[in-house]
Amino acid sequence: GVRNKLIIELFYATGMRLSELINLKCQNVDMVACQLKVLGKRNKERIIPFGHELKRKIEEYLKTRGTGNSEYLLTGKGGKKMYEKLVYRVVNKYLSMVTTTIWVEVEPEYRISFSYNNFFSHALPNLA
C-alpha cells in the first residue's frame, strides 16, 4: 500500500537508517522546509532535506493514514510504532520484485544496507 511505498521512498530518497525511519515522529517532518529531523548514531541529530516528490508521497500517506494518535510518522496495526521486522518484510517484498534471485537469498539485514548503499551510488554523482 501507500505506507509500504513510502518506506521504500524514504530509504531511497534520503539515505536514512532503519532506526531513524522507525523512530521518525510527525513533529520532526517539516513539510514547508522539506526537511526531516532524525536522531542518528550516538544520539546525534541530523537534518535531512527531501524533494517535492517525496513531499507529495508523505502528504498522500498522511491522507490515507487516518486520524490515529500516534506520534510516529509510520505506524503498524492499531497506530502503533513500526518494528524492524515489519520494515525488513516490506523492503524484502519490493526488492525481490526488482532484483535477481541471488539478492532474494540474502538475509534481510543486508537488503536494508543494499538500499542505503544504492542511495549513495545514485546521489553522490549528482552532488559532485
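The values are calculated or read from the model by the stated rules, or taken from the named source; none is laboratory data. Just so it is clear, the model here is predicted, and its values are computed rather than measured. Areas reflect the complete protein model, heavy atoms only, side chains present, ligands, DNA and RNA absent. Shrake-Rupley method; radii C 1.70, N 1.55, O 1.52, S 1.80 Å.
A few points about this structure:
- The tail of the calculated P(r) for segment 1-87, taken as Cα-Cα distances beyond 20 Å, holds 26 percent of the pairs.
- Taking every protein chain into account, the accessible area of segment 1-58 amounts to 55 square angstrom per residue (probe 1.4 Å).
- Distant-in-sequence amide H partners of Met82 (H built 1.01 Å from N, under 5 Å): Gly76
- Taking every C-alpha pair closer than 8 Å and separated by at least 6 residues, the mean separation divided by the residue count of segment 1-46 gives a relative contact order of 24 percent.
- Largest-first ordering by accessible area, 1.4 Å probe, given options Tyr72, Tyr83: Tyr83, Tyr72
- Distance between segment 1-22 and segment 33-70 - C-alpha centres, whole angstrom: 9
- Surface share of carbon and sulfur [accessible, 1.4 angstrom probe, percent] for segment 18-102: 51
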